[in-house]
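Visitor: Take this structure, written in structure tokens, and hold onto it; I'll ask about it next.
The values are calculated or read from the model by the stated rules, or taken from the named source; none is laboratory data. As the structure is a computational prediction, the values presented were derived from the model and not from experiment. Virtual Cβ from ideal backbone geometry, glycine too; neighbours counted across all protein chains shown. Please note that ligands, DNA and RNA were not included when accessible areas were found on the heavy atoms of the full protein model with its side chains. Shrake-Rupley method; radii C 1.70, N 1.55, O 1.52, S 1.80 Å.
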Amino acid sequence: MPDQPTFLERIPTIIVGDHDEMGRLVACRIAELIRARGRAGRRTVLGLATGSTPIGVYRELTRMHREEGLSFAQVVTFNLDEYYPMEPGSLHSYHRFMWENLFSELDIAADNVHMLRGDVSREQVEGECRRYEDSIRAAGGIDLQLLGIGRTGHIGFNEPGSGVESRTRLITLDLVTRKDAAADFFGEDNVPREAVTMGVGTILEAREIVILATGEHKAHIVRRAVEGEVDHEVAATFLQRHSSTTFYLDAAAGARLTRIGTPWLLGPVEWTPQLTVNAVTWLSHETEKAILKLTQRDYAEHRLSSLVAAHGTPGALNGLVFNALGAKIRGRSKLPRRRQIICFSPHPDDDVISMGGILRKLVENENTITVAYMTSGNLAVFDHDVRRHLDFLSRVAGERGMAEGAVSRLLSRVEEFLTTKRTGDVDIEEVRDIKRMIRESEAVAGLRTLGLEEGAARFLDLPFYQTGKVRKDPIGPADVAIVRELLEGSRPDLVFVAGDLSDPHGTHRMCKEAIDRALAESVAGGMPRPEVWLYRGAWQEWPVTEATWLVPLSQEELRLKIQAIFKHQSQKDTAPFPGPDEREFWQRVEARNKGTAAELDRLGLAEYFAMEAYVVEEAR
Ligand code: F6R
């Protein structure tokens, strides 16, 4: 039942296993269309999107071109949008994105690629937009339009307020959209305030539309778009009026659809233990009552009588769920002792942000802990921090009579570069190195705060991250080999892995891929499989219903954890990659850990001060 579409869904929706499967399915549909039209001697006109979501589709199309001879010689493309103002050669332009991620790999003729220009003068924008519409018409209209969805519900850049009749035009970007783009632009202030975009009306004229969303941060807006009323405040709802639209979601983005989140509202369900916990917890929220106080009437009024019937009485059911949640709580005495543990941290600070509390407890339990920092995180260090550290270095060198020549040469080389650097320029090697070292020293200081020695830190510096740009290379054998060497060297009993999908720049997802691949190879080679505990990064937490373990933190432990986070000074005050949330990392951590504990209070369990949450990954 849950994997079936429902009458509440007003856009046909398919939930896929993961980002890669989505890429394959959608690329197959596009290839099928290109081939079918090719056989009939016709060209295919594709409408394309940028952003993090369609990258898997583009990767798969590239592979099909390379390995299966899928030709794009008869394909014409129109992209949805471009920032304004924007030079086509800029690191941030959608022109560049499309050439780097797709066109340069294909046999498509440059003349067949159409993109809105972000570099025309303000007086010329209107004409540019009109010409774009004319070219789409002249090409015979769009056969298949690919879309992503923004957290505002935008398709293209049709922000709230965009009407169903809107055409290609200049638009002001919503604040939420600009925050989401801040990571790619090295800070929100650098994100353009405007964009040129195809209108909702332009998009709806496509003969077929495929819209994609991945990650839990999209779950809310996906539900609104698929199950909500048509409303010009959420442009994606207009797709409900299109006769051939398919929405592809991964499980995280589909989590709030009724068929997944609250399927009992739709009809009879098979009551698994997980669904039982979800339903009773949900009912406790709906009625604002503790679990043990839920009555027969509460269940009956919320279409849950069949669940009570399966357990005999409300008391038995309430007790079952209360105990199931209580059994997730693991204080120090129930945590591993004297074991080999590796904590994989995508960036230097995810370790303390997400698991500073448990790390402290594991130190106290005399475990042997290695914290493996997978990337240097150098991209997220501001230039002014480089200057400050160099100033410090030259003062020490000067006052202590150390080799001043080398220091001043470094200083002038860096200064020369920084004074001419434009936003988004790739740093020279010296600057990248200094940024990496700043983060390494912060990571060590963070670990010391939790009682770990410097030797616990391992800096893996995986090659996939070392492009110097926000766009990373795919995970390759060299990345997997480095992780594998670490695993086989320490043969851990337990590893911690960042298991979140909503990392705005995808690095967490890629790090997990490197670990998954390395683990599979090592286990195939005879290494015993360690337990894998997934933690979530800075943006979200596991809900108590999904968590396998809830680890309580005392006031002192939370304070220590926050102090460890403070050691990451380059990420304090204003982090270059803040994500959609404006608060500093430590503030989010405090709210999230206290929030998890408060959630248990609300359900009527014991009152803890704060809590971290982990999911134990099933062996595959
Ligand atoms: C991009 C576009 C946008 C994005 C949307 C989602 O050309 O028009 O509507 O599709 O903002 O972006 P990601 O995929 O980065 O979450």
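Visitor: Here is a check on your reading of the model: is LEU325 over 30 Å from GLU440 (Cα atoms), open to solvent by less than 10 Å² (accessible area, probe 1.4 Å) and touching a residue at least 60 places away in the same chain (Cβ under 8 Å)?
Guide: yes
Visitor: Could you give me the residue pairs with C-beta distances under 8 Å whose first residue belongs to the stretch 274-299 and is free of Cβ contacts under 8 Å to residues at least 24 places away in the same chain and among the polar types (S, T, N, Q), whose second residue is surrounded by 19 or more Cβ atoms within 10 Å (Cβ to Cβ) and not in a helix (DSSP H, G or I) wherever it lies, and which are 6+ apart or on separate chains?
Guide: Once the first residue is free of Cβ contacts under 8 Å to residues at least 24 places away in the same chain and among the polar types (S, T, N, Q) and sits in the stretch 274-299, its partners that are surrounded by 19 or more Cβ atoms within 10 Å (Cβ to Cβ) and not in a helix (DSSP H, G or I) give THR287/LEU294.
Every residue, every condition in (1) of a type in the set (S, T, N, Q); (2) touching a strand residue (DSSP E or B) at 6+ places or on another chain (Cβ under 9 Å); (3) touching a residue at least 24 places away in the same chain (Cβ under 8 Å); (4) assigned to a helix (DSSP H, G or I), yes or no:
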{"residue": "GLU60", "(1), (2), (3), (4)": "no, no, yes, yes"}
{"residue": "MET64", "(1), (2), (3), (4)": "no, no, yes, yes"}
{"residue": "SER104", "(1), (2), (3), (4)": "yes, no, no, yes"}
{"residue": "GLN124", "(1), (2), (3), (4)": "yes, no, no, yes"}
{"residue": "GLY140", "(1), (2), (3), (4)": "no, yes, yes, no"}
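Visitor: Let me ask you something else. Can you tell me which residue within the stretch 166-181, out of those that are more than 12 Å from the ligand (Cβ to nearest atom) and open to solvent by less than 50 Å² (accessible area, probe 1.4 Å), is nearest to GLU126 (Cα to Cα)?
Guide: This residue is THR168.
Visitor: Tell me whether the stretch 74-94 contains one or more residues that are crowded, with 21+ Cβ neighbours inside 10 Å, in contact (Cβ under 8 Å) with a residue 40 or more places away in the chain and more than 16 Å from the ligand (Cβ to nearest atom).
Guide: Checked against the condition, which is being crowded, with 21+ Cβ neighbours inside 10 Å, in contact (Cβ under 8 Å) with a residue 40 or more places away in the chain and more than 16 Å from the ligand (Cβ to nearest atom), the stretch 74-94 yields at least one hit.
Visitor: Considering only residues of the stretch 32-48 that are in contact with an Asp or Glu (Cβ under 8 Å, 6 or more places away or on another chain) and open to solvent by less than 20 Å² (accessible area, probe 1.4 Å), which is farthest from the ligand (Cβ to nearest atom)?
Guide: My answer is THR44.
Each row is one residue, and each column tells you yes or no for (1) among the hydroxyl-bearing types (Ser, Thr, Tyr); (2) within 16 Å of the ligand (Cβ to nearest atom).
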{"residue": "VAL113", "(1), (2)": "no, yes"}
{"residue": "GLU123", "(1), (2)": "no, no"}
{"residue": "ILE149", "(1), (2)": "no, yes"}
{"residue": "SER162", "(1), (2)": "yes, yes"}
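Visitor: Residues in the stretch 1-25 that are more than 13 Å from the ligand (Cβ to nearest atom) and either in a helix (DSSP H, G or I) or basic (Lys, Arg) (or both): how many?
Guide: 5
Visitor: Related question: If you scan the stretch 332-353, which residues turn out to be farther than 13 Å from ALA457 by Cα and β-branched (Val, Ile, Thr)?
Guide: Listed by number, the list holds a single entry, ILE353.
Visitor: Here's something else I'd like to know. Give the number of residues within the stretch 11-31 that are basic (Lys, Arg) and either closer than 26 Å to THR237 by Cβ or open to solvent by less than 30 Å² (accessible area, probe 1.4 Å) (or both).
Guide: Result for the stretch 11-31: 1.
Visitor: Can I ask one more? Which residue out of VAL226, VAL196, VAL210 is assigned to a helix (DSSP H, G or I) and buried (at least 20 other Cβ atoms within 10 Å of the Cβ)?
Guide: Going through VAL226, VAL196, VAL210 in turn, just one is assigned to a helix (DSSP H, G or I) and buried (at least 20 other Cβ atoms within 10 Å of the Cβ): VAL226.
Visitor: Moving on to the next point. If you check LYS512 against the conditions, is it under 17 Å from the mean Cα position of the chain (by Cα) and either among the aromatic types (Phe, Trp, Tyr) or surrounded by 18 or more Cβ atoms within 10 Å (Cβ to Cβ) (or both)?
Guide: The answer is yes for LYS512.
Visitor: Inspect the stretch 401-421 for any residue being open to solvent by 60 Å² or more (accessible area, probe 1.4 Å), under 30 Å from HIS508 (Cα atoms) and under 33 Å from the mean Cα position of the chain (by Cα) and give the result as yes or no.
Guide: The answer is no; no qualifying residue exists.
Visitor: Determine which member of the set ASP134, ASP189, ASP119 is modelled with pLDDT under 95, away from the ligand (no atom under 16 Å from the Cβ) and out of contact with any Leu (no Cβ under 7 Å at 6 or more places or on another chain).
Guide: ASP189
Visitor: A further question on this structure: Among (1) open to solvent by 10 Å² or more (accessible area, probe 1.4 Å); (2) touching a His at 6+ places or on another chain (Cβ under 9 Å); (3) at pLDDT 95 or above, there is one condition ALA279 misses while meeting the rest; what is its number?
Guide: The one condition ALA279 does not meet is (1).
Visitor: Taking into account only those residues within the stretch 493-502 that are within 21 Å of ALA255 (Cβ to Cβ) and either open to solvent by less than 10 Å² (accessible area, probe 1.4 Å) or over 8 Å from the mean Cα position of the chain (by Cα) (or both), which is modelled with the lowest pLDDT?
Guide: By that ranking, first place goes to SER502.
Visitor: Among the residues of the stretch 461-482, which ones are open to solvent by less than 20 Å² (accessible area, probe 1.4 Å) and in contact (Cβ under 8 Å) with a residue 40 or more places away in the chain?
Guide: Those that are open to solvent by less than 20 Å² (accessible area, probe 1.4 Å) and in contact (Cβ under 8 Å) with a residue 40 or more places away in the chain: LEU462, PHE464, TYR465, GLY468, ILE475, VAL480.
Visitor: Starting from the stretch 165-180, keep only residues that are at positive phi, then list their pairs with residues that are among the small types (Gly, Ala, Ser) whose Cβ atoms are within a distance under 8 Å, requiring at least 6 positions of separation or different chains.
Guide: Going by the 8 Å Cβ cut-off, there are no qualifying pairs.
Visitor: Kindly indicate the residue of the stretch 229-242 that is more than 17 Å from GLY47 (Cα to Cα) and outside any helix (DSSP H, G or I) and also least open to solvent (accessible area, probe 1.4 Å) among those meeting that condition.
Guide: Top of the filtered list is VAL234.
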